[in-house]
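Trainee: One structure is given below, represented as structure tokens, and several questions about it will come after.
The values are calculated or read from the model by the stated rules, or taken from the named source; none is laboratory data. The shown structure was predicted, so the numbers you read here are calculated from the model rather than taken from an experiment. Using ideal geometry, Cβ is built from the backbone for each residue, glycine included, and neighbour counts are taken over all protein chains shown.
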Amino acid sequence: MKTAETDTTVHTLPQSIAAEKTKGTTPIFQDRFVRPAEQVVITGRSLASIFRDQRMGTYPPAIRIGDNATAVRLSSLMAWMDSREVITPENTKPICIGRKSVGRPKKASTTAEA
């Protein structure tokens with residue numbers, strides 16, 4: 001009897017790109033198509049935010065690679081990632097100054113006094 005094997009594949013950047021990223025140099029790679037599921041892994045963003053940004057024109061454009069398949073070029077995706085703004089104290093601002101509680105306000109207790 002055959003037992004079902006579980007998929008233990010770890011989805012990460014290819015080793016050559018990951019190694020070059022840690023060195024701080026521009027990676028030398030073969031330009032290829034990256035499907036949406038791999039875009040999620042590479043960018044760390046959800047599919048919904050990727051598709052929303054593509055419609056707004058702030059994400060690399062999708063290229064049709066089949067009747068029902070799209071992808072983006074890896075080179076344009078990496079260029080988009082490099083163009084993102086780095087967060088520093090100078091370009092960030094606090095959102096709710098002085099707010100101490102988080103969530104909904106608590107209801108006043110309504111106990112019947114007899």
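Trainee: Among the residues of segment 46-96, write down those that are of a type in the set (Ser, Thr, Tyr) and closer than 22 Å to residue 30 by Cα.
Mentor: Those that are of a type in the set (Ser, Thr, Tyr) and closer than 22 Å to residue 30 by Cα: 59, 70, 75, 76, 83.
Trainee: Let me ask another. Can you name the helices (runs of 4 or more DSSP H) wholly within segment 13-114 that have at least 1 residues being at pLDDT 75 or above and exposed (fewer than 12 other Cβ atoms within 10 Å of the Cβ)?
Mentor: 36-43, 47-56, 74-83
Trainee: Quick one: what pairs do we get from segment 32-53, first residue farther than 20 Å from residue 68 by Cα, second part of a loop (DSSP other than H, G, I, E, B) and among the polar types (S, T, N, Q), C-beta under 8 Å, 6+ apart or different chains?
Mentor: Listed pairs, sorted by first residue: 41/12.
Trainee: How about segment 57-92: which of its residues are more than 16 Å from residue 37 (Cβ to Cβ) and among the hydroxyl-bearing types (Ser, Thr, Tyr)?
Mentor: 58, 75, 76, 83, 88, 92, listed by residue number.
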